[in-house]
Amino acid sequence: MAADGDSRVRHPSRLDRRLRQRLRALPIAVPRPATVAAVLVVLVGWQLLSLRFPDYRFPGLATLAGNVVVVISGETPFEPLVQYGATIARVSIGFAVSMVLATLWGVAMGSRDALRGYLSGPLFVLLTVPSVVWAFVGVIWFGLTEFLVPVFVVVLVVFPYLTVTVWEGMGDVDESLLEMAAAFGASRRAIWRDVYLPQLRPYLFGIARVGLAVSWKLCLVAEVFGSATGVGVAVKYHFESFENGMVIAWALPMMAVIYGADRLLRRLERRATRWQPDSEATDVRGMIE
């Protein structure tokens, strides 16, 4: 017994490591104190500002909570499952198509100098077109559609921004690793799998998190202009009725869904980039933290 007790005393670091590993494996992450403090500051500030305005202009937290309950319970002219389901489907499709296009376009620009000249021009033209213009153009071209206009707007606005990040990631690939792989006679497939992909992985996760959030915002705008269902349609209805609290209440559950998806991507990113030093990971993800 004494020997067992002594061994435990002699190796506290081993127990600490096991405890940390078990905590990391928990499905629910414990929020950081700074995150909790920031959320509390926003909530308190919102509540204090709401005291200076009537509820229809700037609703307080209690009013917003009641409005969210009304939305989720289906006490509005819109069925919540139908509206949220349509928006989630459009965001998912637009986001997936944008990720595929951005990855292919960015890799092509970063790997072939000849292609860069042809692909960079159209890319930067797309970067200059506002999302509202694409929404109007989509309605004129396709009419009020279930998926085409929202997905059209999301893809044409999101994928150019993501492409630029992938292109930059291709430029940051370590040239010495490429030279070493070539010297050892590695196949092109092996070079892409073992050199390019591991170094591009943080960029891909970074654009996934940014692209998901932006896709939701753009989908809402597209639904306001060119769809008959979705959260944007409900938001437009309550806006025209001067019900600001209901406008925000319809957006809040969708914001929670996107935040949950972002946290899931964040956990997957940490697992996929455990081999990287913290300093390198911070450089890649700094703009979205």
*If you roll a 1.4 Å probe over the heavy atoms of the protein chains, what accessible area per residue do you get for the stretch 161-224, in Å²?*
49
*How far is the Cα center of the stretch 235-276 from the Cα center of the stretch 163-186, in Å?*
35
*Met180-Arg266 FRET efficiency (beta carbon distance; Förster radius 25 Å; 0.05 resolution)*: 0.20
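For a protection proxy built on the mean count of beta-carbon atoms within 10 angstrom, sort 210-221, 148-159 highest first, please.
Details: 210-221: 22.2, 148-159: 25.3.
Going from most to least packed, we get 148-159, 210-221.
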_Modelled FRET efficiency - R0 45 Å, Leu61 with Val125, Cβ distances, 0.05 increments_ = 0.55
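In whole percent, how big is the carbon plus sulfur part of the accessible area of the stretch 114-202, probe 1.4 Å, protein atoms only?
On the way: 3380 of 5000 Å².
Using a 1.4 Å probe with all protein chains present, the stretch 114-202 comes out at 68 percent carbon and sulfur.
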*When every alpha-carbon pair in the stretch 58-115 is counted, what percent end up more than 20 Å apart?*
57
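When a/c reaches 1.5 or more, the comparison of a/b and b/c decides; with that in mind, is the stretch 54-167 rounded, prolate or oblate per its Cα gyration tensor? Don't skip to the answer; put the middle values down first.
Working: a/c = 2.63, a/b = 2.35, b/c = 1.12.
Verdict is prolate for the stretch 54-167.
The values are calculated or read from the model by the stated rules, or taken from the named source; none is laboratory data. Bear in mind that the values here come from a model prediction, so they are computed numbers and not experimental data. For neighbour counting, all protein chains shown are included, and Cβ atoms are generated from backbone atoms with ideal geometry for every residue, glycine included. Just so you know, the surface numbers come from the protein's heavy atoms only, side chains and all, with ligands and any DNA or RNA stripped out. Shrake-Rupley method; radii C 1.70, N 1.55, O 1.52, S 1.80 Å.
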